[in-house]
Amino acid sequence: MRLDKLLCDAGWGSRREMRRAVAQGRVTVDGAVVVSADARVDPALPVRIDGQDADYRPHDYLMLHKPAGVVSATEDPRLPTVIGLLPPRYRRRGLFPVGRLDRDTTGLLLLTNDGALAHALMAPGRHVDKVYMVLVEGPLTEADRAAFAAGLTLRSGEAFAPAELSILSSGARSLARLTLREGRHHQIKRMMAARGHEVQSLKRVSIARLTLDETLPPGAWRPLSDGETALLRAPSAALYTK
């Protein structure tokens, strides 16, 4: 692969900007400065620009701790987006959120440019576990837990698949851990409303077997480790609930 194309595809800038950076001696390949942008480079070799790793990878996988007030979109004419939380290098790489969280929902959001993996995780027939911490008004009861386990049907006739509601505290405000295997618009809020509870806060803590890194403050992100990426690529029997 040509060096300028590798750097451009890795998200470090336009082809013209990368040709200039190479000519200025700001790029090394396997520890040696390369000043020809036309040089053919093995993508497996370590490449650095301005002292930073610039290795080429066909896909990126990021974990974001989504804050409230940001929409799960690549662009929006009025509101800040999750992609806007990333540095320019990643914004140029064509990343998108895997699934979505409502504007006021926080927690784990995956960002990638790997369409096949995104489909594998979000396709309705895959039934991937998504776990949330939900705070609601009013006491949660065994009847609520049983209703979620049986599958809720709204007055409109819309039916939701069974879900696991684990009540962690119950009182004027109640905290629960909720596991869903589908994802519809405002689903948790509508399910809770059907049981007479208003959602006060909602945070996603895991998808499949990937858990939110709680050392990440809201708005922060990091690349997935190789182990985490491998976990998402594991055979379906290890990822999905039947």
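Using the basic label-point model (7 angstrom from Cα toward the beta carbon), what is the PHE96 to ASP55 distance in nanometres?
Reported label-point gap for PHE96 and ASP55 is 2.7 nm.
Using 0.36 nm per residue, how much length does the chain from HIS185 to LEU216 gain when fully extended, once their Cα-Cα distance is taken away?
Gain on stretching HIS185 to LEU216: 8.5 nm.
Just to check I understand the Karplus step: with θ = phi - 60° and J = 6.51 cos²θ - 1.76 cosθ + 1.60, what whole-Hz values come out for the stretch 36-52, glycine and proline as x?
10, 5, 7, 4, 7, 10, 6, x, 6, 7, x, 10, 10, 10, 6, x, 9
Kindly list the residues of the stretch 144-164 that lie in the label zone of ALA172, defined by a backbone N under 12 Å from the point 7 Å along the Cα-to-C-beta vector.
Under 12 Å, as judged by backbone N against the label point of ALA172, lies no residue of the stretch 144-164.
Run the count for the chain, please: Lys pairs, Cα-Cα under 29 angstrom, 8 or more apart or on different chains.
10
Mean shadow of the stretch 3-53, computed from the convex hull of its alpha carbons, in nm²?
Working: hull surface 11.4 nm².
Averaged projected area of the stretch 3-53's Cα convex hull equals 2.9 nm².
If I take R0 = 22 Å and measure r between the Cβ atoms of THR74 and ALA123 in this structure, what FRET efficiency does the formula 1/(1 + (r/R0)^6) give, to the nearest 0.05? Write out the running numbers ahead of the final one.
Details: r = 20 Å, r/R0 = 0.90.
The formula returns an efficiency of 0.65 here.
For the chain, what class follows from the C-alpha gyration tensor (a ≥ b ≥ c being the square roots of its eigenvalues): rounded when a/c is under 1.5, otherwise prolate if a/b is larger than b/c, else oblate?
Details: a/c = 3.02, a/b = 2.50, b/c = 1.21.
In terms of gyration-tensor shape, prolate.
If you line up the Cα atoms of the stretch 1-127 on their principal axes, what length do they span on each, largest first, in Å?
In descending order, the Cα extents are 48, 33, 21 Å.
Taking a spot 7 Å from the Cα of GLU142 along the direction of its beta carbon, which residues of the stretch 156-176 have an amide N less than 17 Å from it?
165-171
Can you tell me which of 110-119, 86-95, 208-217 comes out highest on packing, and rank the rest after it, using the mean Cβ neighbours within 10 Å? List each step's numbers first, then the result.
Working: 110-119: 17.7, 86-95: 15.8, 208-217: 14.0.
Final packing ranking: 110-119, 86-95, 208-217.
Short version: ³J(HN,Hα) in whole Hz for each residue of the stretch 107-115, in order, from phi by Karplus 6.51 cos²θ - 1.76 cosθ + 1.60 (θ = phi - 60°), x for Gly and Pro, what are they?
So the J values, rounded to whole Hz, are x, 5, 9, 8, 10, 7, 10, 9, x.
Under a point spin-label approximation (7 Å from Cα along Cα-to-Cβ), what is the GLU164-ALA230 distance to one decimal in nm?
Between GLU164 and ALA230, the simple spin-label model gives 2.5 nm.
I need the GluC sites (Glu not before Pro) found in the stretch 92-166, filtered to DSSP loop residues with at most 15 other beta carbons within 10 Å of theirs.
GLU158
All of the numbers you see were taken from the coordinates with simple rules; none came from a lab. As the structure is a prediction and not an experimental result, all values here were calculated from the model. Cβ coordinates were reconstructed from backbone atoms using ideal geometry, including for glycine residues, and neighbour counts include every protein chain displayed.
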